[in-house]
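Below you'll find the structure, written out as structure tokens, and then a few comments.
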Amino acid sequence: MKTDNTPMFVHSARPNLAVERIAAILEVEWGISGSLVDVGGDRDQNLVVTTAAGTSYLLKIGQPDETHGVLDMQLAALRHAAHQDPGLGIPPVIPKCNGEYLHALPADAGGRWLLRVFGYVAGKPIGTGPRPPALLREIGSTMARLDRALAGFFHPDAGHELLWDIRQIPALRPCALDIVDGGQRDRILRILDEFTETVLPRLGGLRSQVIHADATFENILMAGDPPAITGVIDFGDVMHGPLVQELAVAMADTTSGLDMPWQAACEVAAGFDERLPLEGEEPALLWDLARARLALTVSVLASRAAHRAEGAGSMESDMIAYQDQLDAFDAVGRNRAFLELRRTLRLPEPVTVGGSDTETETARLVARRDERLMPGLALFYPEAPFHAVRGEGMWLFDADGTPHLDCYNNVPHVGHCHPHVSNAVARQTRALNTNTRYVYDSVLEYADRLAERCPGELSSVMFVNSGSEANDLAWRMARTWSGHGGALVTAGAYHGVTEAIGALSPYDAGEDFHHPHVARITPPAGDGRGADEYAADIDRAIDELTSAGYGIAATMIDSTLASDGILDAPAGWLETLFARVRAAGGLCIADEVQAGFGRLGTEWGFEALGAIPDIVTLGKPAANGYPLGAVVTTPAIMKMFAERTDFFSTFGGNPVACNAGLAVLDVLDRDGLRAAAAEVGGYLKERLSALGTRYEAIGEVRGRGLFLGVEVVTDRGSREPAPEATARVALAMRRAGVLVGIEGPHANVLKIRPPLVCERTHADVLVGALDRALRPG
């Protein structure tokens, strides 16, 4: 390896100008005089200047071969960052008497030295002493703050080649050949080669900007007790590069000497992430980047020790410290390092494509559920639990990265992790989240937009956190308004988990249902009977409640009739029910937790059934997965309830939830998803019905829009429910990569309820999977 002209100043000796000569130049060019002390440096000669008045400056003299453009870029970056964030503690650049920032001095061996002067920043380097977690987080936060200040900076020389840039590892690999210890040399070469092959190609797709790139324990200053960061110095390595490289350098170079340096590095990452959130692949590469930085440093120091007599002993001492740091990082290993980082940053569970045994990991998680969560907490597909780690649009991805078409979940109403909704949540979370005891805009805007979508007098809104809470509040309103205590629900109804609403949910109670204030009516079976033929049963239920002294406070109806088996009500059925309940003094509550926001191809499910309620309850899909529920009713009902009851929900209608809800409405309107649900749902129902003509196991296809049910029976003639076959079909579809649910009092209805971004191609995938699952053998 050629030692004299190796690029990027690997072996060049730093300048060593006489202090007297520098003092004269300083006084003539800058008008500054005082005592000078040489404080060393990597490739620059650095001198601290102290005036008679006690003011301190730092004078730097660069290498003779350094270009004016690169140094001009460094000084411009300093000035830009200081202007953008004056409180960062960045050294001010001191201009010469003529206003210029650089002074050229002819070098003895040709070329010229470039001098520049900086104001002094208070504080001392953080060094290698104790660094509590709070200080480590502040280190990360400070570097993120600096990068935010540099984000808009541009200079044509920012892309220069730099010795300590880990992207230069292929060019600097020969430096590692100078490591004396053969085992250490081979190890460093393996690290460098692995980085070049597997990590370097991925850096081009990451966020890039001008960064400081040298957050070492010498360049971060602190003061006070407890210590706090006071400044960042030495902009000699400023460059344009991957943003995450800034953090990797800080994680590698500010945590050495600590008992558990990787855990300390995770604290640095947490501070950075809180101020400038990491994105995409950045977190997964941090261990590799920090490790490569350490390996590069060991290589360069070894080469300098071998080829430069000056300071060789110091280099060997530093090299040992960096090797120890590298040993500590390697002892943790990539997988455990990322696990600890993920836990510290609270990152989502990662996809482990080609990684560990995901079946074993899933089994371990199921065992932990059984130990820590409520016994018997149901899992979909208990024979093959679905270990979900990521969602996107219509797709859920399991732990090994396999995509599954999600045709069941109605919570991600506009698609899993919709970017517009996710951004709305993230931005509002960083700005404000509080409760409705304070005044803020989003809760009113969301209430306005809900009221605009509701017919008639439905215009007063109250927010809660879930569909169960919304139904509980609606039930309280109905009892307050009517003065009665009786409820009328369908025989298989499900409306929520609170104690009061659990009593209105007889879906799995059978003969054990013992709530005398609740009367059950026969749900419309879609068997050809008209609405009038159900009137007698409705009257019977109302008479029962009246005779028992409860009267009728309300009927609560899910217009999808989902837990009853996803039934198709005849025209006029809901209108008939509402008319009779109102005549008996009760209110009509539409539980729109499943049917609302366009799922049935109409704005609300009750509109599809041709009736208008007195109260509407909303939940599940309202905020695409963020907890949000609402009750919409008439001003008269809301006013009476408010006069007679003191109701408040701490989290209901908080700014983050409202922003999520507003974003969902944005997407629904912008993308025309209500009309899409009608169109795609109609196409899907046609295809499922056609499939039903081929298989005796399909008794009926029911539902509207993108809420459909496929009844599975022993044969079409008897229509005898086949719950075991239903479970087998659902499991076969899950194994084929399509998720559906099971519904109905006999657990024999395949529940198809995809996000509203479902397209015809998705419908074709679903029908194809069902076709294969129904084939004999």
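The values are calculated or read from the model by the stated rules, or taken from the named source; none is laboratory data. Quick caveat: nothing in here was measured; it's all calculated off a predicted structure. Every residue, glycine among them, receives a Cβ derived from its backbone with ideal geometry; neighbour counts consider all protein chains shown.
Select, from Leu618, Leu577, Leu561, the only residue that is under 30 Å from Asn423 (Cβ atoms), at pLDDT 95 or above and among the aliphatic types (A, V, I, L, M).
Numbers: Leu577 fails: under 30 Å from Asn423 (Cβ atoms); Leu561 fails: under 30 Å from Asn423 (Cβ atoms).
The conditions single out Leu618.
Which residue is farthest from the chain's Cα centre (by Cα), if the candidates are limited to the range 276-289 and must be among the charged types (D, E, K, R) and surrounded by 16 or more Cβ atoms within 10 Å (Cβ to Cβ)? Walk me through it before giving the result.
Residues of the range 276-289 among the charged types (D, E, K, R): 279, 281-282, 288.
Then keep just the ones that are surrounded by 16 or more Cβ atoms within 10 Å (Cβ to Cβ); that gives 282, 288.
Numbers: Glu282: 14, Asp288: 23 Å.
Once the filter is applied, the top-ranked residue is Asp288.
In this structure, is Ala730 under 30 Å from Thr429 (Cβ atoms), in contact (Cβ under 8 Å) with a residue 12 or more places away in the chain and touching a Leu at 6+ places or on another chain (Cβ under 9 Å)? Quick ask: steps written out before the conclusion?
Numbers: under 30 Å from Thr429 (Cβ atoms): no; in contact (Cβ under 8 Å) with a residue 12 or more places away in the chain: yes; touching a Leu at 6+ places or on another chain (Cβ under 9 Å): yes.
Judged against the criteria, Ala730 is not a match.
How about the range 39-87: which of its residues are over 44 Å from the mean Cα position of the chain (by Cα), surrounded by 14 or more Cβ atoms within 10 Å (Cβ to Cβ) and among the aliphatic types (A, V, I, L, M)?
Scanning the range 39-87 gives Leu47, Val48, Val49, Leu59, Ile61.
How do the strands (runs of 3 or more DSSP E) wholly within the range 429-536 filter down when requiring 3 or more residues that are surrounded by 21 or more Cβ atoms within 10 Å (Cβ to Cβ): which remain? Break it down into steps so the answer makes sense when it comes.
Numbers: elements: 460-464, 487-490, 518-521.
By residue number, 460-464, 487-490.
Considering only residues of the range 654-678 that are among the charged types (D, E, K, R) and without any contact (Cβ under 8 Å) to a residue 60 or more places away in the chain, which is nearest to Arg599 (Cα to Cα)?
So in the range 654-678, the residues among the charged types (D, E, K, R) come out as 666, 669-671, 674.
With the extra rule that they be without any contact (Cβ under 8 Å) to a residue 60 or more places away in the chain, the set shrinks to 669-670.
Values: Asp669: 13, Arg670: 16 Å.
Here the answer is Asp669.
Looking at the range 713-735, can you tell me whether even one residue there is surrounded by 20 or more Cβ atoms within 10 Å (Cβ to Cβ), charged (D, E, K, R) and closer than 26 Å to Pro506 by Cα? Don't jump to the end; show me each part of the working.
Filtering the range 713-735 down to residues surrounded by 20 or more Cβ atoms within 10 Å (Cβ to Cβ) leaves 713, 721-722, 726, 729-730, 733-734.
Cutting the leftovers down to charged (D, E, K, R) gives us 734.
Filter once more, so that each one left must be closer than 26 Å to Pro506 by Cα: none.
Looking for residues that are surrounded by 20 or more Cβ atoms within 10 Å (Cβ to Cβ), charged (D, E, K, R) and closer than 26 Å to Pro506 by Cα, one finds none in the range 713-735, hence no.
Quick check: anything in the range 365-372 closer than 26 Å to Ala675 by Cα and either in contact (Cβ under 8 Å) with a residue 12 or more places away in the chain or loosely packed, with under 12 Cβ neighbours inside 10 Å (or both)?
Applying the first criterion (closer than 26 Å to Ala675 by Cα) to the range 365-372 yields none.
Checked the range 365-372: no residue is closer than 26 Å to Ala675 by Cα and either in contact (Cβ under 8 Å) with a residue 12 or more places away in the chain or loosely packed, with under 12 Cβ neighbours inside 10 Å (or both).
Would a scan of the range 379-387 turn up a residue that is closer than 18 Å to His416 by Cα, in a strand (DSSP E or B) and touching a Leu at 6+ places or on another chain (Cβ under 7 Å)?
no
Per-residue answers, yes or no, for (1) touching a Phe, Trp or Tyr at 6+ places or on another chain (Cβ under 8 Å); (2) among the polar types (S, T, N, Q); (3) in the same structural domain as Leu458 (by TED's automatic domain parsing):
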residue: Leu561; (1), (2), (3): no, no, no
residue: Glu575; (1), (2), (3): no, no, no
residue: Cys588; (1), (2), (3): yes, no, no
residue: Pro613; (1), (2), (3): yes, no, no
residue: Leu628; (1), (2), (3): yes, no, yes
residue: Pro635; (1), (2), (3): no, no, yes
residue: Gly652; (1), (2), (3): yes, no, yes
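Leu665 - would you say it is outside the structural domain of Pro755 (by TED's automatic domain parsing), in a helix (DSSP H, G or I) and more than 20 Å from the chain's Cα centre (by Cα)? Please lay out each step first, then the result.
Details: outside the structural domain of Pro755 (by TED's automatic domain parsing): yes; in a helix (DSSP H, G or I): yes; more than 20 Å from the chain's Cα centre (by Cα): yes.
In short, yes.
Out of everything in the range 1-38 that is at pLDDT below 85 and assigned to a helix (DSSP H, G or I), what residue ends up being nearest to the chain's Cα centre (by Cα)? Quick ask: steps written out before the conclusion?
Kept after step one, since they are at pLDDT below 85, are these residues of the range 1-38: 1-14.
After this cut, where a residue has to be assigned to a helix (DSSP H, G or I) as well, the list is 7-9.
Values: Pro7: 42, Met8: 40, Phe9: 42 Å.
Out of the qualifying residues, it is Met8.
Among the residues of the range 315-325, is any in the same structural domain as Glu194 (by TED's automatic domain parsing), among the charged types (D, E, K, R) and loosely packed, with under 13 Cβ neighbours inside 10 Å?
If we filter the range 315-325 for residues that are in the same structural domain as Glu194 (by TED's automatic domain parsing), which is where we start, we get 315-325.
Narrowing the set further to residues that are among the charged types (D, E, K, R) leaves 316, 318, 324.
So of that shortlist, the ones also loosely packed, with under 13 Cβ neighbours inside 10 Å come out as none.
No, there is no match, as no residue in the range 315-325 is in the same structural domain as Glu194 (by TED's automatic domain parsing), among the charged types (D, E, K, R) and loosely packed, with under 13 Cβ neighbours inside 10 Å.
Going through the range 254-282 one residue at a time, which ones are farther than 13 Å from Leu326 by Cα, assigned to a helix (DSSP H, G or I) and either of a type outside the set (A, V, I, L, M) or not assigned by TED's automatic domain parsing to the domain that holds Thr128 (or both)?
Correct list: Gln263, Cys266, Glu267, Gly271, Phe272, Asp273, Glu274, Arg275, Glu282.
Every residue, every condition in (1) more than 14 Å from Arg131 (Cβ to Cβ); (2) not small (Gly, Ala, Ser), yes or no:
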| residue | (1), (2) |
| --- | --- |
| Ala228 | no, no |
| Ile233 | yes, yes |
| Gly236 | yes, no |
| Met251 | no, yes |
| Met260 | no, yes |
| Gln263 | no, yes |
| Pro283 | yes, yes |
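Every residue in the range 745-776 that is part of a loop (DSSP other than H, G, I, E, B) and surrounded by 24 or more Cβ atoms within 10 Å (Cβ to Cβ), please. I'd like the intermediate steps shown before the answer.
Residues of the range 745-776 part of a loop (DSSP other than H, G, I, E, B): 745-748, 753-759, 775-776.
The answer is Asn748, Arg753, Pro754, Pro755, Leu756, Cys758.
With respect to the numbered conditions (1) touching a Gly at 6+ places or on another chain (Cβ under 7 Å); (2) under 20 Å from Pro613 (Cβ atoms), which one is the sole condition not fulfilled by Ser459?
Exception for Ser459: condition (1).
I need a count of the residues in the range 341-378 that are modelled with pLDDT of 85 or more and not in a loop (DSSP other than H, G, I, E, B).
Number of matching residues: 16.
In this structure, does Phe217 turn out to be in a loop (DSSP other than H, G, I, E, B) and within 23 Å of Ala331 (Cα to Cα)?
Working: in a loop (DSSP other than H, G, I, E, B): yes; within 23 Å of Ala331 (Cα to Cα): yes.
Judged against the criteria, Phe217 is a match.
Any residue in the range 710-727 that is under 18 Å from Leu600 (Cβ atoms) and small (Gly, Ala, Ser)? I'd like the intermediate steps shown before the answer.
First pass over the range 710-727, keeping only residues under 18 Å from Leu600 (Cβ atoms): 710.
Still in the running and small (Gly, Ala, Ser): none.
Within the range 710-727, not a single residue is under 18 Å from Leu600 (Cβ atoms) and small (Gly, Ala, Ser).
Name the single residue, out of those in the range 101-123 being part of a loop (DSSP other than H, G, I, E, B) and under 47 Å from the mean Cα position of the chain (by Cα), that is nearest to Met251 (Cα to Cα). Don't jump to the end; show me each part of the working.
The initial filter retains those residues of the range 101-123 that are part of a loop (DSSP other than H, G, I, E, B), namely 101-102, 107-111, 120-123.
Pick out the ones that are also under 47 Å from the mean Cα position of the chain (by Cα) and you get 101-102, 120-123.
On the way: Tyr101: 32, Leu102: 33, Tyr120: 26, Val121: 23, Ala122: 23, Gly123: 21 Å.
Here the answer is Gly123.
Inside the range 229-245, can you point out the residues that are among the charged types (D, E, K, R) and either more than 26 Å from Ile320 (Cβ to Cβ) or surrounded by 24 or more Cβ atoms within 10 Å (Cβ to Cβ) (or both)? First the steps, then the outcome.
Within the range 229-245, the subset among the charged types (D, E, K, R) is 234, 237.
If the condition is that a residue be among the charged types (D, E, K, R) and either more than 26 Å from Ile320 (Cβ to Cβ) or surrounded by 24 or more Cβ atoms within 10 Å (Cβ to Cβ) (or both), then no residue fits.
Condition first: touching a residue at least 60 places away in the same chain (Cβ under 8 Å), under 17 Å from the mean Cα position of the chain (by Cα) and within 20 Å of Asp357 (Cβ to Cβ). Now tell me which residues in the range 389-412 satisfy that.
Here is the first cut: in the range 389-412, the residues touching a residue at least 60 places away in the same chain (Cβ under 8 Å) are 393-394, 396, 402-412.
Those left that are additionally under 17 Å from the mean Cα position of the chain (by Cα): 393, 396, 411-412.
Answer for the range 389-412, where residues must be touching a residue at least 60 places away in the same chain (Cβ under 8 Å), under 17 Å from the mean Cα position of the chain (by Cα) and within 20 Å of Asp357 (Cβ to Cβ): there is none.
I'd like to check something: does the range 235-253 contain any residue that is aromatic (Phe, Trp, Tyr), touching a residue at least 40 places away in the same chain (Cβ under 8 Å) and assigned to a loop (DSSP other than H, G, I, E, B)? Reasoning before the result, please.
If we filter the range 235-253 for residues that are aromatic (Phe, Trp, Tyr), which is where we start, we get 235.
Filter again for touching a residue at least 40 places away in the same chain (Cβ under 8 Å), leaving 235.
Going one step further and asking which of them are assigned to a loop (DSSP other than H, G, I, E, B), we end up with 235.
Yes.
Among the residues of the range 562-573, what is the count of those that are under 17 Å from Ala487 (Cβ atoms) and in contact with a Ser or Thr (Cβ under 7 Å, 6 or more places away or on another chain)? Let's see the steps before the verdict.
Keep residues of the range 562-573 that are under 17 Å from Ala487 (Cβ atoms), which gives 563-564.
Restricting the remaining residues to those that are in contact with a Ser or Thr (Cβ under 7 Å, 6 or more places away or on another chain) gives 564.
Looking only at that region, the number is 1.
Would you point out the residue of the range 88-99, among those that are of a type in the set (A, V, I, L, M, F, W, C) and surrounded by 15 or more Cβ atoms within 10 Å (Cβ to Cβ), that is nearest to Gly31 (Cα to Cα)? Show your work before the answer.
Filtering the range 88-99 for residues of a type in the set (A, V, I, L, M, F, W, C) gives 88, 90, 93-94, 97.
Those left that are additionally surrounded by 15 or more Cβ atoms within 10 Å (Cβ to Cβ): 88, 90, 93-94.
Working: Leu88: 27, Ile90: 22, Val93: 15, Ile94: 11 Å.
It comes out as Ile94.
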